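Novice: Handing you a structure now.
The values are calculated or read from the model by the stated rules, or taken from the named source; none is laboratory data. Since the structure is predicted, the reported quantities are computational estimates derived from the model, not experimental observations. For neighbour counting, all protein chains shown are included, and Cβ atoms are generated from backbone atoms with ideal geometry for every residue, glycine included.
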Amino acid sequence: MMKMFSEGCSHICRKGLSLVNLIPLIFVFFLLPLVMQITFCEEIESPTAKISGYVMDALSGKPITNASIIVGSNHLKTDENGFFTLDITSDGWYEIYIFCDLPETEGVDYVPSLWKVYVGKGVSMHKIISLWPGASLEVMGKIRFVEEALPISWVKFTIHPSKGIIWGDEYSIDEYGTIDTSRKLGLDSDLIIVPANIPVSIKVEARTSGKTRKSFVLTPSEAINFVLKQGSKEILDVEKICLEYDFQSVRDSLGRALGLVYEAKNSGFLVEREKISIEKAFLSLDYFETLISKRSYDEAFALLRNIYLLTANVRQEIADLLTKSSQTPFLSIFLISLMSLILSHLFADKRTSLKFSSFRKWAFLLPLRPVIALLFYFLFLLLFILCFPGCRFLSPTLLTSFSLLSPCFALILVRGSQKILEGERRKEKSISIGGLIIAAFSIALGNLKRRKLRSWLNIICITMVIFCFIVFTSISPGYGFISKPLGSSKLNLNIMMIAGVEDAIGYGFSTLNEDLLEELEKNTDIVIIAPKAENLPSSSPIGYLYSFSGKSKALYGLLGILPKSEAIVSRLNESLVEGNYLDDEDEEGLLISRSLAEYLGVKTQDKVSFLEKTFTIVGIFNDEKIDRSMEMNGRSFLPYRLQPTPGGIYVTQCWSDEIVIMNFRAALKLPNVGISRVYVQLKNSSNLLKMADTIVLARNCVAWVSLEGQLYKKYIGSYIEKKGLSLIPFVMFLVILIIGSMMFRSVEERKRDIFTLSSVGLNPTHIVSLFLAEALLIGFTAGILGYLLGVSGYRFVSLISPLEVKEKASIEWSLISLFLSLLTSIIATLPPAVKASTIVTPSRLRKLRLIEKERPKREGEPWIIELPAKVKPGEINFFCKYVERKLKELTSSLIERIEKIEFSKEEEQGEYLRRKISFEYVGGETKRQLRSFNEIIIERKTSEDFYRVYLLSFPERNLEETVIKTAALIRRIILEWNVLKPVLIVPEPTIVQLYSLTRFFNPKLIYVISSEKDFSGKIKELERLLEKDGISLPQMSLIYIDLSEPINDSIKKLEKIVPETDIVCISGTSAMACAALTIVAMKSKKPICYIIPKFNLELQEIVFLD
């Protein structure tokens, strides 16, 4: 009422205070309230109810004639006095829409009203309804959002008056669009009715089929006039306004993305590439205004959508970078602590300690290994914290606490794993997996420590691989617009094919909207448009094709084409074998296959029935040609069907006798049929790629372009961005070759160790595991070291030249680096490890090949077998005595027996120095006794520095089995010598003599005869020398002899010890001790050696007495 009063007063002021002008005012403000109070419910005896009312102009108070009254399906008009009456036969709630549109005006004349009322039986309801003068706004153009290039499925326009202005009443309708109000009023969804002569704003709420929902407000401006005269009509170009809204949305998104980029950059991340992308996107926004001024709305939207996708991708990447980088330090710090433990084992021996003393008053020893481990840990930890930006997102307290606890966690993990494996080893009598793991890593650490230079070269090589991988490569997922070249095109046309987004579950295709065809037809640059309609795949027939002879055939597919255009792009007309091709205007014609025509017994011009419609067969096509026809995207030209199977439902191609081809417009009128693709050809083919970009971005579809013999695919989707990966395989291959060659060399050097391990029960698998343990230690250390240097190297390399890669800050990259490092190390080590495993215990096949190779060529010649031994000249006497002793031990054996052992002294035969041991081998059962006559030849060229050992075997009855058993026995003796760790005794030795004996014999125990009771100083000095060469200190046992005593007392003491030794060295500083030891050794028949001193420690010569 206050609104009506205000308007009435303003009306009087404009018209003047005449009596005529006062009459409407008196009616509205004095009589109307009284009448409105008379809205009543009148009880009547009739079972029918009644709804009645009076419709008038809200401003003038005059009755409105011919106003439309809509109650459900009932439509009636007001009479000349503005009254209406409707009889109701049932009680309930009713919605009464009141609407007036005069035919003489272009627009709607009054804002509609809605009266909701409950009507009971026998009740009459009456209402006076005021309609506010109105005008029409027709919305033109598309509403779409850059978040999803999908059509709007729902839109609502809400009218809001400008501030301070009141209009209408509670019954006036202020919402329009794809809602019930517009549908029940019979209005188009793009029509808005606004109050006349009043400035208003319109709130637009829209939702896409992808459930994206957004709203914006249209306010009056110079470009938008919402103050309209009654009954007038204006066009509202909402597409331009929506694009401007999208423009602002994209601009805000770019601003947020740039803020994230600068946040990441200030935190220390390398995001220069992302920064450049965002800055280029900002610059490309300048082209938006140009496109709007040209009314190129699709291109403008495509531009905004492309920028939005780029921005969203960058924002997601930066957000993930900031989030994941804060999680990476925990694992990285823990891995650093594990690496430090490994490095400490490579640099320091377990027994090495630092001694601290103060003027000899107090002293304590600090183990060196933990000190080195902590030094390495804090050094690499400091490097990581300084260079890795993710550490700055952690609180100092948390970072410090975890850094201090991490070494403890690493030590607990190592010790705990060792205890678990040791527990498993105790339960097993044989070598268990746990025991093998412990032994393998223990031996591997020792080998790496003994060969420090080679180990560090391997670590450095693999570290460089990981460094290159981290710094110069990039693998990152993304989402956005993709333009992918596919190679040569099979089409000779410059043409584009548009199709819906490929169905992820494989159920055929996504249909295209029909308004796409309308837009394409408006484009004057397009010369050919060839759409194809087809049915959605189904497991059941879409219908039956009936002939008038009574035969029928189930059909699973249909195609709709524009015949003239289709003939140009797919040459469908060339597949006809009978009749005529379809005509563009003929919606009753059909094309069927020859096999289908023969089955139905029909020919051209015959009538058939399909889906309750009658068609004429105008042509028959060749089955094979149609079945082989393909689209540009590689899919079949024919439609698809769903094939149920026991394993599930699969999509298969329909065959030519299961489909019909008809006119495109006729196909779209049938149920479950949509547009599957459209071919487009332009006058100017150079615009094809640009047009494809616009359509894909604006329509969210897929486009294939055939241009100048090349095929391109354009779509929006996920992708994997890869950069610099071509470098890594080459570097890996080079490193594998380098490490492999060094490992092969190491195998040759470690043959003696391998013989030792084999003799104590290790099989080939165990030997391989030792090398793989080394590979794992090297790979683990190099992987972590390479990752640390890589994340640090980003900063230094970027100072030289900009990096076109994305920083690997997530926790996954540290694990991938570790995996790549271990893989490289294992691949490089595996071939040498396999070779090492077959040195001592070759496979059965290799044994047979070896025997076959050494088989005598003529009867009477011996089998010649090379034995696994290379004997130095200085140890030849010891070797011969050892073999002699072992053979003599077998002279009384019951299973395998040695007879007639003879030794010959060394002779010079030409350029060879040769020794010979002759014996007979007897083995096997009594009934089937095996016997061979054998010679062990030990020879060397005068120019060589080692002896080679061969077995010459003459088997009785020439049985190969005898040779194998003889060779196996001698091989076992040789291997035992290879792995022999003898017990030595030496009188009053110098440090140099002890060093030479340890290097030469690798003894397990040395008895040291000394006149000094404290020998610890010399032992520490010896340990220091051996540690430089990576050799462990053997056990040392001191035998004290008083030189002032008679020599016989010393001899008696030595007679108890010398029998326990293997070798007696008589080089020393005490003549009396040397004499006493020589006497006892000769009595015990022990091998005696002495040392010939040289200037170089490593060239000391050890010689055995005959």
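Novice: Among (1) more than 60 Å from the chain's Cα centre (by Cα); (2) surrounded by 13 or more Cβ atoms within 10 Å (Cβ to Cβ); (3) in a helix (DSSP H, G or I), which single condition is Lys1052 missing?
Specialist: (2)
Novice: May I ask you to say which residue of Leu611, Leu600, Leu572 is over 30 Å from Gly487 (Cβ atoms), of a type in the set (A, V, I, L, M) and crowded, with 18+ Cβ neighbours inside 10 Å?
Specialist: So the residue among Leu611, Leu600, Leu572 that is over 30 Å from Gly487 (Cβ atoms), of a type in the set (A, V, I, L, M) and crowded, with 18+ Cβ neighbours inside 10 Å is Leu600.
Novice: Continuing with the same structure: Is at least one residue of segment 145-157 modelled with pLDDT of 90 or more and more than 30 Å from Asn306 (Cα to Cα)?
Specialist: No.
Novice: Okay, moving on. For segment 508-593, which strands (runs of 3 or more DSSP E) that fit wholly inside it have 2 or more residues that are touching a strand residue (DSSP E or B) at 6+ places or on another chain (Cβ under 8 Å), farther than 22 Å from Asn672 by Cα and at pLDDT below 95?
Specialist: Details: elements: 526-535, 543-547, 552-555, 557-561, 576-579, 589-593.
In segment 508-593, 526-535, 576-579 are the strands (runs of 3 or more DSSP E) which contain 2 or more residues that are touching a strand residue (DSSP E or B) at 6+ places or on another chain (Cβ under 8 Å), farther than 22 Å from Asn672 by Cα and at pLDDT below 95.
Novice: Please determine, by comparing only the residues of segment 556-571 that are hydrophobic (A, V, I, L, M, F, W, C) and over 14 Å from Phe664 (Cα atoms), which one is nearest to the chain's Cα centre (by Cα).
Specialist: Step one: list which residues in segment 556-571 are hydrophobic (A, V, I, L, M, F, W, C), which gives 558-559, 561-562, 567-569.
Now narrow it down to the ones that are over 14 Å from Phe664 (Cα atoms): 568-569.
Numbers: Ile568: 44, Val569: 40 Å.
By that ranking, first place goes to Val569.
Novice: Sticking with this one: Identify, please: which residue in segment 868-905 is surrounded by 18 or more Cβ atoms within 10 Å (Cβ to Cβ) and assigned to a strand (DSSP E or B) and is, among those, modelled with the highest pLDDT?
Specialist: Going through the qualifying residues, I end up with Ile898.
Every residue, every condition in (1) of a type in the set (Gly, Ala, Ser); (2) surrounded by 16 or more Cβ atoms within 10 Å (Cβ to Cβ); (3) modelled with pLDDT under 80, yes or no:
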{"site": "Ser344", "(1), (2), (3)": "yes, yes, no"}
{"site": "Leu386", "(1), (2), (3)": "no, no, no"}
{"site": "Phe393", "(1), (2), (3)": "no, no, no"}
{"site": "Ser406", "(1), (2), (3)": "yes, yes, no"}
{"site": "Ser417", "(1), (2), (3)": "yes, no, no"}
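Novice: While we're on this one: Please go through (1) in contact with a helix residue (DSSP H, G or I) (Cβ under 9 Å, 6 or more places away or on another chain); (2) surrounded by fewer than 17 Cβ atoms within 10 Å (Cβ to Cβ); (3) in a helix (DSSP H, G or I) for Gln248 and return the number of the only condition it doesn't satisfy.
Specialist: (1)
Novice: Taking segment 1062-1080, which residues are in contact with a Pro (Cβ under 8 Å, 6 or more places away or on another chain) and either outside any helix (DSSP H, G or I) or surrounded by fewer than 22 Cβ atoms within 10 Å (Cβ to Cβ) (or both)?
Specialist: Passing the criteria: Asp1062, Ile1063, Val1064, Cys1065, Ile1066, Ser1067, Gly1068, Thr1069, Ser1070, Cys1074.
Novice: Go through the residues of segment 521-529 one by one and say whether even a single one is under 25 Å from Lys613 (Cα atoms) and not hydrophobic (A, V, I, L, M, F, W, C). If you could, list the steps in order and put the result at the bottom.
Specialist: Within segment 521-529, the first condition is being under 25 Å from Lys613 (Cα atoms), and the residues that meet it are none.
No - not one qualifying residue is present in segment 521-529.
Novice: Hey, another quick one. Pairs only if they're at least six apart or on different chains, beta carbon under 6 angstrom, first in segment 859-879 and more than 29 Å from Glu956 (Cα to Cα), second surrounded by 18 or more Cβ atoms within 10 Å (Cβ to Cβ) and among the β-branched types (Val, Ile, Thr); list them, first residue then second.
Specialist: As it stands, the answer is Gly874/Ile1102, since those pairs meet every condition given.
Novice: Residues to consider are Thr65, Thr78; find the one that is at pLDDT 85 or above, polar (S, T, N, Q) and in contact with an Asp or Glu (Cβ under 8 Å, 6 or more places away or on another chain). Spell out how you get there, then give the answer.
Specialist: Numbers: Thr78 fails: in contact with an Asp or Glu (Cβ under 8 Å, 6 or more places away or on another chain).
Among Thr65, Thr78, only Thr65 is at pLDDT 85 or above, polar (S, T, N, Q) and in contact with an Asp or Glu (Cβ under 8 Å, 6 or more places away or on another chain).
Novice: Give segment 750-765 a look and list any residue that's modelled with pLDDT of 75 or more and surrounded by fewer than 19 Cβ atoms within 10 Å (Cβ to Cβ), or say none.
Specialist: The answer is Pro764, Thr765.
Novice: Can you name the condition, by its number, that Lys184 falls short on among (1) buried (at least 18 other Cβ atoms within 10 Å of the Cβ); (2) under 30 Å from Asn74 (Cβ atoms)?
Specialist: The number of the failed condition is (1).
Novice: Whether any residue in segment 790-802 is in the same structural domain as Leu445 (by TED's automatic domain parsing), under 25 Å from Asp320 (Cβ atoms) and part of a loop (DSSP other than H, G, I, E, B) is what I want to check.
Specialist: Yes, segment 790-802 contains at least one residue that is in the same structural domain as Leu445 (by TED's automatic domain parsing), under 25 Å from Asp320 (Cβ atoms) and part of a loop (DSSP other than H, G, I, E, B).
Novice: Considering segment 629-667 alone, what residues qualify as being out of contact with any helix residue (DSSP H, G or I) (no Cβ under 9 Å at 6 or more places or on another chain), within 24 Å of Tyr712 (Cα to Cα), not aliphatic (A, V, I, L, M) and not in a loop (DSSP other than H, G, I, E, B)?
Specialist: Within segment 629-667, none qualify.
Novice: Tell me, which helices (runs of 4 or more DSSP H) lie completely within segment 668-767 with 2 or more residues that are among the aromatic types (Phe, Trp, Tyr) and under 33 Å from the mean Cα position of the chain (by Cα)?
Specialist: Details: elements: 688-699, 727-749, 751-759.
Per the criteria, 727-749.
Novice: So, of the residues in segment 93-103 that are exposed (fewer than 15 other Cβ atoms within 10 Å of the Cβ) and at pLDDT 90 or above, which turns out to be nearest to Trp167 (Cα to Cα)?
Specialist: Initially, segment 93-103 is screened for residues exposed (fewer than 15 other Cβ atoms within 10 Å of the Cβ), giving 93, 95, 103.
Adding the requirement that they be at pLDDT 90 or above leaves 93, 95.
Working: Trp93: 27, Glu95: 22 Å.
If we take residues in segment 93-103 being exposed (fewer than 15 other Cβ atoms within 10 Å of the Cβ) and at pLDDT 90 or above, then Glu95 is nearest to Trp167 (Cα to Cα).
Novice: In this structure, is Tyr679 at pLDDT 95 or above and surrounded by 15 or more Cβ atoms within 10 Å (Cβ to Cβ)?
Specialist: Working: at pLDDT 95 or above: yes; surrounded by 15 or more Cβ atoms within 10 Å (Cβ to Cβ): yes.
When the stated conditions are applied, Tyr679 passes them.
Novice: Would you check if Asp586 is more than 50 Å from the chain's Cα centre (by Cα) and closer than 29 Å to Leu682 by Cα? Walk me through it before giving the result.
Specialist: On the way: more than 50 Å from the chain's Cα centre (by Cα): yes; closer than 29 Å to Leu682 by Cα: yes.
Criteria met by Asp586.
Novice: Right, something else. Report, by residue number, each residue of segment 303-341 that is more than 27 Å from the chain's Cα centre (by Cα) and surrounded by 23 or more Cβ atoms within 10 Å (Cβ to Cβ). Reasoning before the result, please.
Specialist: Pass one, segment 303-341, residues more than 27 Å from the chain's Cα centre (by Cα): 303-304, 337, 340-341.
Within segment 303-341, Leu303, Leu304, Ser337, Ser340 qualify.
Novice: Now for a separate question. Confirm whether Val204 is touching a helix residue (DSSP H, G or I) at 6+ places or on another chain (Cβ under 6 Å), β-branched (Val, Ile, Thr), buried (at least 20 other Cβ atoms within 10 Å of the Cβ) and at pLDDT 90 or above. Spell out the reasoning first.
Specialist: On the way: touching a helix residue (DSSP H, G or I) at 6+ places or on another chain (Cβ under 6 Å): no; β-branched (Val, Ile, Thr): yes; buried (at least 20 other Cβ atoms within 10 Å of the Cβ): yes; at pLDDT 90 or above: yes.
No, not satisfied.
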